[in-house]
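Have a look at the structure below before the remarks.
The values are calculated or read from the model by the stated rules, or taken from the named source; none is laboratory data. Since this is a predicted model, take the numbers as computed values, not measurements. Cβ coordinates were reconstructed from backbone atoms using ideal geometry, including for glycine residues, and neighbour counts include every protein chain displayed. Calculation scope for accessible area: heavy atoms of the full protein, side chains included, ligands and nucleic acids excluded. Shrake-Rupley method; radii C 1.70, N 1.55, O 1.52, S 1.80 Å.
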Protein chains: 2
Amino acid sequence: VSSGDEKQLMGQEADGSQAEPASRSVGADVSLEDLVSLCKRRGFIYQGSEIYGGLAGTWDYGPLGSQLKRNIINEWLKFFVDGWDDMYQIDAAILMNKKVWEASGHASGFNDPMVECNNCHARLRQDHIENNKCPVCGKENEFSEPRQFNMMFKTNVGPVEDENSVSYLRPETAQGMFTNYKNVIDNFYPDLPFGLAQVGKAFRNEISPRDFVFRAREFEQMEVEYFVEPNKWEDSFEHWRKDVHAFLEKLGIDKEKVHELEVPDEDRAHYSKRTIDFEFDFPHGKAELLGLAYRTNFDLTNIQNATGKSMEYRPKDGSTPFVPHVIEPSFGVERLLMAVLTSAYSVDEQNGEQRTYLKLPLNMAPVKVAVFPLLKNKPELTEKAKEVYKMLKEEFNFVMWDDNGNIGKRYRRQDEIGTPYTVTIDFQSLEDNTVTVRSRDTTEQQRVEVQNLSGSIRS
Amino acid sequence: VSSGDEKQLMGQEADGSQAEPASRSVGADVSLEDLVSLCKRRGFIYQGSEIYGGLAGTWDYGPLGSQLKRNIINEWLKFFVDGWDDMYQIDAAILMNKKVWEASGHASGFNDPMVECNNCHARLRQDHIENNKCPVCGKENEFSEPRQFNMMFKTNVGPVEDENSVSYLRPETAQGMFTNYKNVIDNFYPDLPFGLAQVGKAFRNEISPRDFVFRAREFEQMEVEYFVEPNKWEDSFEHWRKDVHAFLEKLGIDKEKVHELEVPDEDRAHYSKRTIDFEFDFPHGKAELLGLAYRTNFDLTNIQNATGKSMEYRPKDGSTPFVPHVIEPSFGVERLLMAVLTSAYSVDEQNGEQRTYLKLPLNMAPVKVAVFPLLKNKPELTEKAKEVYKMLKEEFNFVMWDDNGNIGKRYRRQDEIGTPYTVTIDFQSLEDNTVTVRSRDTTEQQRVEVQNLSGSIRS
């Protein structure tokens, strides 16, 4: 969990310094409205339960959004799990014993009455507001009624609905790694440093979900708990810092829009000795994209105290056992997805007309190639196009068939979903077995022989 | 959702014919205890929240279990999404507007007092029990206290905790497809037939979760809603029936243990015109592995009635619009995983000693190759082994390094996790650049030159 969110979640944003106002102006190139509209219109992201009037803070991913999420998650797994020799992936349950959240501080951190600033939506502990003035935006007398508010979703597990059966939807995936740390040590005898990684849903009952998928009530995290020797944390931290940048580059995220924020002492969670928030210039303003935190041995020590079981690591050379320290890089799939789309969103002019397109790198593009028969009511064109479609699908897998509307309309559609290449089969194709290949970024068209098509697209 | 579970979920198992007793005796080769023990001991599956005493009905997947799940899900996506031209993947939220469950019947289906048979654990509507005798196992007077029981986990979304903010964790992924059917039609203009596919978590507050991960409170589904013209459902159904078998074979699931059960009229949900339960000989008995159901236009019509919005499909040839019918194949990741492990579990004798190994096909094996230095305290062996490890990792990705314990112990470990090949670096390796390759299934060992190693393993 990133530091800003963590502090808010733990009810610690007393000074308000980490709370994010609804929007800030930056030099963002695409407005939030345009992004939301493209996502809805083109089948990336729909409002959750939309047909029933929606459910605030939830989002459904359409075919292209699902594929983009799958691409991001796969790159992450490749980069941080498969790419490291000392990484163990786990997949813990969303429903956990409530003692997990008592020990971690998530359950008890919410016992104070909270208010929300109606102006900037910062959520604040009532007893920390002086002079009735919001410490975030400075507005006076703009607070909601105070309320006991726990950001964890509560439910009951088992047939009896009482205090004993209370459970929560996890507000972070991180505790799944800490609670399984001992299992992995016992089964795999890893050397230090080693990491536990997890991808999965997490839930927070945000008072005001906002800014599209940026702050939702249900979201997907990709987190690592990287266990290190206490005196070696700085090297690991630095290694992770560099790798985070390298990973963001792999996703095509604009590095000019990524900013490191060294979280100052007074703003960090008390147990963290160093935290970097990686911020991004989102359409709604500069805001936290992901976090990298050095959490000392805070979490494992909490578990040790709560369970009475030793969380010590026994070095294989027989030296003194100790509780390892932890570096935690914490990614949110949806925020990365927003950053990928924001970075890719492009507008240019073609023959005096404005064109919108997503300049996605090949590994992110939900569709790699689209195939068009020039006209849909000419069986000979359609048949030839199907042949080409099948051939390409075997090689590129994510190939889209499109015969709806005129060619110009189809190009616009593929541009807007970021398809790098479109292949059109026309009457000349029937004569000389060539097709037109159009590049998304240049809009240039080239005639290519069908037998050279795959190679030409690859290069 | 498969028919048996569906009926139970909907409180319809009045006649008890679909409820499953706790265990049945069949010719299973591995006991449930042995399977659970292997999974725990080798890092496949742990009890959820184990270190805090557990949370009944939840399971955490360790490094090998996570990888096996990932392998199963990836095969499913490859087979049923990427492999079909008319399939659209979506990813809907777990938290949905409660109207979804009112319209689907899941919310209202639970208004009757339920009892559970203490002998066979069948859950029954109290008013359907005659003569105080369990219609499933025949025991008398063995019922729990009657209870209003909704199998959906309830929570509240938003800051106010009242009836209006009630929401449920989805008990099936299927409704996410039905609620997004119109969005996909509007964005992608698909021809019929076309399918919506989804992989994701679902939750059911089982009174007695049991039989390892078979009946858990949190589980992962892979479902398709395949929309067809009403008069063409039979062809599609048959196509799916065959594809289900082909898919199970890809996972290495023993086809001798798979049985089709044509669910008779009186046992099917009222809206279904045909359902096949694919049963499997699990260690705990023959039980439902997955379901294939023809659901008519029941779900879309429910949504149409509840929202007043048309769910009709408009054929492109201008013929009369209609509400499509649906074929629903419904897979559970955990049940497939259990079937994969059960099919792979093997015991043989080697030199008079019993050996347990998992005969997993290559695409399922969490680890493809393991690399051992013969001795861990000889730097020259370790160095050479690291070289080989790196070379193999580039090609096979999931390669495990193991230098813990003697070679025999390491072989047993790799056999039990189903690693097809193990490569040992010994003193001879330092002299002639050859290594020993051992095959899991035959335990035969061959000396292979390092430069031929990848090719030799591939073949």
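Things to note:
- Residue within the stretch B:277-297 that is crowded, with 19+ Cβ neighbours inside 10 Å and assigned to a helix (DSSP H, G or I) present: no
- Those residues of the stretch A:424-443 which are open to solvent by 40 Å² or more (accessible area, probe 1.4 Å) and of a type in the set (S, T, N, Q), in sequence order: A:Gln428, A:Asn433, A:Thr442
- Residue match in the stretch A:108-120 (condition: open to solvent by 10 Å² or more (accessible area, probe 1.4 Å) and touching an Asp or Glu at 6+ places or on another chain (Cβ under 6 Å)): yes
- For the criterion of being more than 30 Å from B:Ser49 (Cβ to Cβ) and either β-branched (Val, Ile, Thr) or in a loop (DSSP other than H, G, I, E, B) (or both), B:Ile185 passes.
- Within the stretch B:274-289, residues that are over 11 Å from B:Phe214 (Cα atoms) and of a type in the set (Lys, Arg) reach partners that are part of a strand (DSSP E or B) and open to solvent by 20 Å² or more (accessible area, probe 1.4 Å) with beta carbons closer than 8 Å, at six or more positions or on different chains, in the pairs B:Arg274/B:Glu262; B:Lys286/B:His259; B:Lys286/B:Glu279.
- Verdict on B:Val228 being open to solvent by less than 10 Å² (accessible area, probe 1.4 Å), more than 10 Å from chain A (Cβ to nearest Cβ) and over 28 Å from A:Ile73 (Cα atoms): yes
- Top-ranked residue in the stretch B:49-65 [being open to solvent by less than 40 Å² (accessible area, probe 1.4 Å) and free of Cβ contacts under 8 Å to residues at least 40 places away in the same chain; ranked as farthest from A:Val184 (Cα to Cα)]: B:Leu55
- Meets criteria (outside any loop (DSSP other than H, G, I, E, B) and under 18 Å from the mean Cα position of the chain (by Cα)) for B:Leu124: no
- If the condition is being more than 11 Å from chain A (Cβ to nearest Cβ), out of contact with any helix residue (DSSP H, G or I) (no Cβ under 8 Å at 6 or more places or on another chain) and not in a helix (DSSP H, G or I), then the stretch B:26-70 contributes B:Val26, B:Gly27, B:Ser31.
- Within the stretch A:239-260, tally of residues that are open to solvent by 60 Å² or more (accessible area, probe 1.4 Å) and either part of a helix (DSSP H, G or I) or touching a Gly at 6+ places or on another chain (Cβ under 9 Å) (or both): 7
- Of all the residues in the stretch A:424-437, those that are in a helix (DSSP H, G or I) and not charged (D, E, K, R) number 4.
- Wholly within the stretch A:314-389, strands (runs of 3 or more DSSP E) carrying at least 1 residues that are without any contact (Cβ under 8 Å) to a residue 40 or more places away in the chain: A:345-350, A:353-358
- Residues of the stretch A:77-124 that are charged (D, E, K, R), facing chain B (nearest Cβ under 7 Å) and in contact (Cβ under 8 Å) with a residue 24 or more places away in the chain: A:Asp91, A:Lys99.
- The lone criterion from (1) in contact with a helix residue (DSSP H, G or I) (Cβ under 6 Å, 6 or more places away or on another chain); (2) over 17 Å from A:Gly332 (Cβ atoms); (3) surrounded by 17 or more Cβ atoms within 10 Å (Cβ to Cβ); (4) more than 9 Å from chain B (Cβ to nearest Cβ) left unmet by A:Ile185 is number (1).
- Of the set (1) open to solvent by 10 Å² or more (accessible area, probe 1.4 Å); (2) within 14 Å of another protein chain (Cβ to nearest Cβ); (3) among the aliphatic types (A, V, I, L, M); (4) more than 30 Å from B:Phe178 (Cα to Cα), all apply to A:Ile73 but (4).
- Evaluation of B:Glu218 against the conditions (1) in contact with an Asp or Glu (Cβ under 8 Å, 6 or more places away or on another chain); (2) open to solvent by 10 Å² or more (accessible area, probe 1.4 Å); (3) modelled with pLDDT of 95 or more; (4) at the interface with another protein chain (Cβ under 9 Å from one of its Cβ atoms) shows that the sole unmet condition is (1).
- Subset of the stretch B:201-211 [within 14 Å of chain A (Cβ to nearest Cβ) and either crowded, with 23+ Cβ neighbours inside 10 Å or in contact with a strand residue (DSSP E or B) (Cβ under 9 Å, 6 or more places away or on another chain) (or both)]: B:Lys201, B:Ala202, B:Phe203, B:Arg204, B:Asn205, B:Glu206, B:Ile207, B:Ser208, B:Pro209
- Residue list for the stretch B:33-88, restricted to those being over 20 Å from the mean Cα position of the chain (by Cα) and closer than 19 Å to A:Gln175 by Cα: B:Ser49, B:Glu50, B:Ile51, B:Tyr52, B:Gly53, B:Gly54, B:Leu55
- Residue count for the stretch B:394-423, restricted to those that are in a helix (DSSP H, G or I) and open to solvent by less than 40 Å² (accessible area, probe 1.4 Å): 10.
- Residues of the stretch A:127-158 that turn out to be within 23 Å of A:Pro209 (Cα to Cα), open to solvent by less than 40 Å² (accessible area, probe 1.4 Å) and part of a strand (DSSP E or B), as a count: 1
- Members of the stretch A:159-182 that are more than 7 Å from chain B (Cβ to nearest Cβ) and either assigned to a loop (DSSP other than H, G, I, E, B) or open to solvent by 20 Å² or more (accessible area, probe 1.4 Å) (or both): A:Val160, A:Glu161, A:Asp162, A:Glu163, A:Asn164, A:Tyr168, A:Arg170, A:Pro171, A:Glu172, A:Thr173
- Near pairs, Cβ below 7 angstrom, 6+ apart or cross-chain, from the stretch B:185-202 (modelled with pLDDT under 95) to any residue that is surrounded by fewer than 18 Cβ atoms within 10 Å (Cβ to Cβ) and among the polar types (S, T, N, Q): B:Tyr189/A:Asn404
- All of A:Asp265, A:Asp254 fail the test of being farther than 23 Å from A:Val333 by Cβ and away from chain B (no Cβ under 14 Å), apart from A:Asp265.
- When A:Asn132 is tested against (1) in contact (Cβ under 8 Å) with a residue 12 or more places away in the chain; (2) away from chain B (no Cβ under 12 Å), only condition (1) is not met.
- Against the numbered list (1) buried (at least 21 other Cβ atoms within 10 Å of the Cβ); (2) at pLDDT 95 or above, A:Val263 comes up short only at (2).
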